[in-house]
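First up is the structure itself, then whatever we jot down about it.
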Amino acid sequence: MYIVQIASECAPVIKAGGLGDVVYGLSRELENQGHCVELILPKYDCMRYDHIWGLHDAYKDLYVPWFDSWIHCSVYCGWVHGRVCFFIEPHSEDFFFDRGTYYGCNDDNMRFAFFSKAALEFLLQSNKRPDIIHCHDWQTGLVPVMLFEIYKYHGMANQRVCYTIHNFKHQGFGGTDILEATQLRRPEYYFSYDKLRDNFNPFSINFMKGGIVYANAVNTVSPHHAWEARHTTISYGLGHTLEIHQDKFTGILNGIDYGFWNPENDRYLPYDYSADSFEQKHYNTKALRERLLLREENKPIVCFIGRLDDQKGVHLVHHAMYYTLERGGQFVLLGSATESSIDKWFRHEKEFLNSNPDCHIELGFNEELSHLIYAGSDMIVVPSNFEPCGLTQVIALKYGTVPIVRGVGGLVNTVFDHDYDQAHPPEKRNGFVFYESDNVALESGMTRAFDLWGQNRKIFNQLAIQGMKYDYSWKDPAQEYVELYDRIRVKY
Ligand code: ADP
């Protein structure tokens, strides 16, 4: 099959979170399974150009219709660790992708509406006719809308869309100006509740709702989160829309790319190890302590890696840090906050704990350091309020770092409690799970982990090794996507 991914991220060249990992990892596995995959991405000024090989202009004059005129774009082509990527660069005074940041601008809705339009226009103009267009999250929610309302009538009648929702919290909103800009010209038609009108704000269109309504298949990134989206409030107002479109809505668990996340040959680790040489892991622990100036003592290292925001249970992360110190452990935090109050809070904590030899707070995004933290830590906490899939616990498992997670979303599908899991025999369990979102529940999970580490290291290590043996690669999930693509594609 010929598959084109349209997305706002692709690791490692553009990565703000798990979306980037998924777009890259899935594309790579689909290619390994014999499919032809191309990616279309924005050409941000701040992306990691050092991860692109052979960047060249592939399509010089792409004119993208926009409002009553058009925007002149260039399309560049390059290889990101083997994947063929097309980067769209608009030449306009809006400087859509020259903002020094991927997200967080006041006109993000315009920026990504434009990107979606430009991606389709590029396919049309360059005569690319993929079997499947796979788009992701709100940024590309308008792709199926424009495909089936505009581009279908210009020679793209045989393309089919798979739309993957990585996070329901960010849906993308806009007014009639978005419709005018993208030339979806009949506001009265698009502003109906069965199309783009937001279910709760009658003055707004909802990009993600458009994606759900128009795509041929819709999924989120774990089976349990798909259930939550339909039956709880976690779909942030889209429950009714999912109910209507339930027949095309599923959950497919994310994988991780073991070419990149593998302690047996990780380019960022000083010492390689595997489940069979688990005892080598502690050399990385030593290296982590040296790098972060933590004291060398017989204490467990607990880590947190991720965005510092409400979704990730930031208050519980904060509590986990102090609880670890109280229990005589060491804590390493690597995270970044977009909300200024949370950023200030953790900057203050960093200053406060600066001279503590058992704690290190690293604020910012640091891919390389994250590998050493995964490898050097004994446990990772993931106390999320909600978690569509969650990659940090899956990466941690591969690195023999025992996850302590809240039982929500994809965490339920990947972590099985050492003491209480009913569905897996003891030799298949791999972590600790708690359910309520409060300090007491978090402590119950952490206490069990600390006690096992302190009182029976052999069994603790065995639990870590069992986690390393799980296969959360892209092999099976990619196969599920292929089956889904095959169900919706046009058979010639
Ligand atoms: P999200 O909700 O942010 O997508 P996931 O758990 O799905 O969360 O994916 C997070 C990905 O981003 C993981 O690969 C994790 O290692 C990485 N990550 C998150 N924060 C940082 C950071 N501050 N520095 C380096 N990597 C990070």
Worksheet item: Taking N as the number of residues in the stretch 1-125, what value does Rg over Cα atoms divided by 2.2 N^0.38 Å take?
Response: 1.01
Discussion item. Restricting to Cα pairs below 8 Å that are 6+ residues apart, what does the relative contact order work out to for the stretch 310-437? Please round to a whole percent.
Written reply: 22 percent
Practice prompt. Determine the sum of side-chain charges near Arg347: Lys and Arg each +1, Asp and Glu each -1, restricted to other residues whose C-beta is under 14 angstrom from that of Arg347.
Written response: -3
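Contact order normalised by length for the stretch 1-101, with contacts defined as Cα pairs under 8 Å and 6 or more residues apart; what percent is it? Working shown, then result.
Values: 195 pairs, mean separation 26.5, N = 101.
Worked out over the stretch 1-101, it gives 26 percent.
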Discussion item. Loop-only trypsin sites (Lys or Arg not before Pro) in the stretch 149-252, please: DSSP not H, G, I, E or B, and at most 11 other Cβ atoms within 10 Å.
Written reply: Arg185
Worksheet entry | Relative contact order of the chain, defined on C-alpha pairs under 8 angstrom at six or more residues apart (%) | 12 percent
Fill in: Longest site-free stretch - the chain; sites: GluC sites (Glu not before Pro), DSSP loop, at most 15 other Cβ within 10 Å
94-263
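Filter the trypsin sites (Lys or Arg not before Pro) in the stretch 402-492 down to the DSSP loop ones having no more than 11 other Cβ atoms within 10 Å, then list what survives. Don't jump to the answer; show the numbers that get you there.
Values: sites: Arg406, Lys428, Arg429, Arg448, Arg457, Lys458, Lys469, Lys475, Arg487, Arg489, Lys491; in loops: Arg429, Lys469, Arg489, Lys491.
Counting only loop positions with at most 11 other Cβ atoms within 10 Å, the trypsin sites (Lys or Arg not before Pro) in the stretch 402-492 are Lys491.
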Worksheet entry | For the stretch 264-357, alpha-carbon Rg over 2.2 N^0.38 Å | 1.21
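Can you give me the Rg/Rh ratio for the stretch 50-185, using Cα atoms for both radii and the Kirkwood formula for Rh?
Values: Rg = 14.7 Å, Rh = 15.7 Å.
Answer for the stretch 50-185: 0.94.
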Worksheet item: Sorted from largest down, what three extents in whole angstroms do the Cα atoms of the stretch 83-160 have along their principal axes?
Response: 37, 25, 22
Worksheet item: Given 4 °C and 1.567 mPa s, how large is the Stokes-Einstein diffusion coefficient of the stretch 426-468 in µm²/s, with Rh as the Kirkwood radius over Cα pairs?
Response: 118 µm²/s
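Using 1/(1 + (r/R0)^6) with R0 = 41 angstrom and r between the beta carbons of Arg295 and Gln183, what's the FRET efficiency to the nearest 0.05? Show your work: numbers first, answer last.
Working: r = 62 Å, r/R0 = 1.52.
That gives a FRET efficiency of 0.05.
Give me the net charge for the shell around Gln159: Cβ to Cβ below 11 angstrom, other residues only, Lys and Arg +1, Asp and Glu -1.
Working: positive: Lys128, Arg129, Lys152, Arg160, Arg489; negative: Asp131.
Local charge sum for Gln159: +4.
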Worksheet, complete the sentence: the stretch 147-210 and the stretch 14-43 have their Cα centres apart by a whole-number Å value of 24 Å
Item to complete: Could you work out the mean projected area of the convex hull around the alpha carbons of the stretch 375-451, in square nanometres to one decimal?
Response: 4.8 nm²
Fill in: Binned Cα-Cα distances of the chain, short to long, each 10 Å bin given as a whole percent
4, 20, 29, 25, 15, 6, 1, 0
Discussion item. Out of all DSSP beta bridges in the chain, what portion is antiparallel? Express it as a percent rounded to 5.
Written reply: 30 percent
Worksheet item: DSSP loop trypsin sites (Lys or Arg not before Pro) in the stretch 15-105 with at most 15 other Cβ atoms within 10 Å of their Cβ, which ones?
Response: Arg48
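Bear in mind that the values in this text are calculations on the coordinates, not laboratory data. This one's a predicted model, so the numbers in the text were calculated from it and none came from an experiment. In this analysis, Cβ positions are derived from the backbone assuming ideal geometry, glycine residues included, and neighbour counts consider all displayed protein chains.
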